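Everything below concerns the one structure shown next.
The values are calculated or read from the model by the stated rules, or taken from the named source; none is laboratory data. If you're wondering where the values come from, they're calculated on a predicted model, not measured in any experiment. In this analysis, Cβ positions are derived from the backbone assuming ideal geometry, glycine residues included, and neighbour counts consider all displayed protein chains. These area figures cover heavy atoms from the full protein model, side chains too; ligands, DNA and RNA do not enter into them. Shrake-Rupley method; radii C 1.70, N 1.55, O 1.52, S 1.80 Å.
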Amino acid sequence: MFLVTGANGQLGNELRLLLGERAIYTDRGELDITNAGQVREFAAGNGIDLIINCAAYTAVDKAEGDEEKAYAINALGAANLAQAGVPLIHVSTDYVFDGGACRPYTEEDKPAPETVYGRTKLAGEKLVMENADTALIIRTAWLYSSFGGNFVKTMLRLGKEKDVLNVVFDQTGTPTYARDLAEAIVKIIPQIKPGMKEIYHFSNEGVCSWYDFAVEIMQTAELPCKVRPIESKDYPTPATRPFYSVLNKGKIKEAFGLEINHWKKSLNDCLKKISLTD
């Protein structure tokens, strides 16, 4: 039996659709991952033989003033799951990098997080590697889906309400459809071997800015809202966003035989799903 933590989030909900009754799905109400004893008892009592950790403190700006809680969930919680005695797939983030690169980040590049969120997620990665016998860490970026709140759904809402939107053009990365990441995880699970301890990168293919992403959302959804490019300095936030966070996916594609969709195709797939649920 699998355990999916953070099951009410974007990735957790996509895994729920794919794994069905093969997994137990928990969020903070069912399992407090910051409680080591509770995690061990839950895993043993429910016959868990693999954990997929989607639980995280992801409020990037709020974390700047709430480091203790962010560390408890992103670092200590990850360590507790790693100590449960079963293989762990742990989801991490591009925020472990400072965004100063000029080529896609590989798993061998040295992390240098500049935010509380990034530092606590990196701490979680290190604790997973130190405490798990078998663990795969998958870093992803710019996650969105038809579930929960995210950039795509915000743009759709604002695009219906406003004639003009300002969106930053000097932050570059790759959007990731949570459905694609969930499907990749499901394909990876049967290929996990005892003793594996690796870090992988996963996002959709291609590169864009948040401005490009917003323009594509408006065009694909056929919304008349005009998108204007602005610089990050014109949209200050408590947490500094990486200016460049493109991830190199070569390692995960080769290791597990994955083919990854271009971000525009995946965005189109997601928008079709959202339109069916509206």
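Multiply the residue gap between M129 and K160 by 0.36 nm, knock off their C-alpha separation, and tell me the result in nm, one decimal place. Please list the in-between numbers first.
Working: separation 31, 0.36 × 31 = 11.16 nm, distance 4.51 nm.
Result for the pair: 6.6 nm of gain on full extension.
Ignoring ligands, DNA and RNA, please state the percent of accessible area on the chain from carbon and sulfur, probe 1.4 Å. Walk me through the numbers before you get to the answer.
Values: 6200 of 12610 Å².
Here it works out to 49 percent.
Where the only charges are on Cβ atoms (+1 Lys, Arg; -1 Asp, Glu), what is the dipole of the chain about its Cα centre, to the nearest 20 debye? Please report the intermediate quantities before stating the final value.
Values: 31 positive and 37 negative charges, 85 e Å.
Value, rounded to 20: 400 debye.
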Using only the Cα atoms of the range 126-278, what do you get for the radius of gyration and for Dmax, in Å?
17.3, 55
Checking the a/c ratio against 1.5 first, then a/b against b/c, what shape does the Cα gyration tensor give for the range 1-93?
oblate
As a check on your grasp of the helix formula, calculate [θ] at 222 nm for the chain: sum -39500 (n - 2.57) over DSSP H runs of n ≥ 4, divide by the residue count, round to the nearest 500.
-11000 deg cm²/dmol
When all C-alpha to C-alpha distances in the chain are sorted into bins of 5 Å, what percent of pairs does each bin hold, rounded to whole numbers?
1, 6, 12, 17, 19, 18, 13, 8, 4, 2, 0
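Quick one: dipole size for the range 197-278, taken about the Cα centre, charges +1 on Lys/Arg Cβ and -1 on Asp/Glu Cβ, in debye to the nearest 20.
Working: 12 positive and 11 negative charges, 28 e Å.
For this selection, approximately 140 debye.
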By the mean-Cβ-within-10 Å protection proxy, highest first, 204-216, 16-28 rank as 204-216, 16-28
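How large is the Kirkwood hydrodynamic radius of the range 192-232, in angstrom, based on all distinct alpha carbon pairs? Spell out each step's value before the answer.
Numbers: mean 1/r = 0.0738 Å⁻¹.
The Cα-based Kirkwood calculation yields 13.6 Å.
For Cα pairs less than 8 Å apart in space and 6+ apart in sequence, what is the mean separation divided by the residue count of the range 75-161, i.e. the relative contact order in percent? Kindly include the intermediate steps, with their values, before the conclusion.
Details: 108 pairs, mean separation 34.5, N = 87.
Averaging sequence separation for qualifying contacts and normalising by length gives 40 percent for the range 75-161.
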Determine the shape class of the range 140-198: with a ≥ b ≥ c the square roots of the Cα gyration tensor eigenvalues, call it rounded for a/c under 1.5, and otherwise prolate if a/b is greater than b/c, oblate otherwise.
prolate
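For the chain, what does the relative contact order come out to in percent, with C-alpha contacts under 8 Å and a separation of six or more? Please report the intermediate quantities before stating the final value.
Values: 566 pairs, mean separation 56.6, N = 278.
The normalised contact order for the chain reaches 20 percent.
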Just name one of L122, A182, L3: the one whose Cα is farthest towards the positive end of the charge dipole of the chain (beta-carbon charges, Lys/Arg +1, Asp/Glu -1).
A182
Under a 5 Å amide H to amide H cut-off, with H placed in plane at 1.01 Å, what residues pair with A23 once short-range neighbours are removed?
F2
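Could you tell me the relative contact order of the range 130-246? Use alpha-carbon pairs under 8 Å, at least six residues apart, and round to a whole percent.
Numbers: 173 pairs, mean separation 48.5, N = 117.
In percent, rounded to a whole number, it is 41.
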With 10 Å bins from zero, work out the P(r) of the range 66-173 over every alpha carbon pair and list the percent per bin.
13, 34, 32, 16, 4, 0
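What accessible area per residue, rounded to a whole number of Å², is obtained for the range 166-217 using a probe radius of 1.4 Å? Please list the in-between numbers first.
Working: 1830 Å² over 52 residues.
With all protein chains present, the range 166-217 gives 35 Å² per residue.
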For V167, what is the net charge nearby, where nearby means another residue's Cβ is under 10 Å from its Cβ and Lys, Arg count +1, Asp, Glu -1?
0
Of S232, S92, S145, the one that fluctuates the most in a GNM where the chain has Cα springs shorter than 10 Å
S232
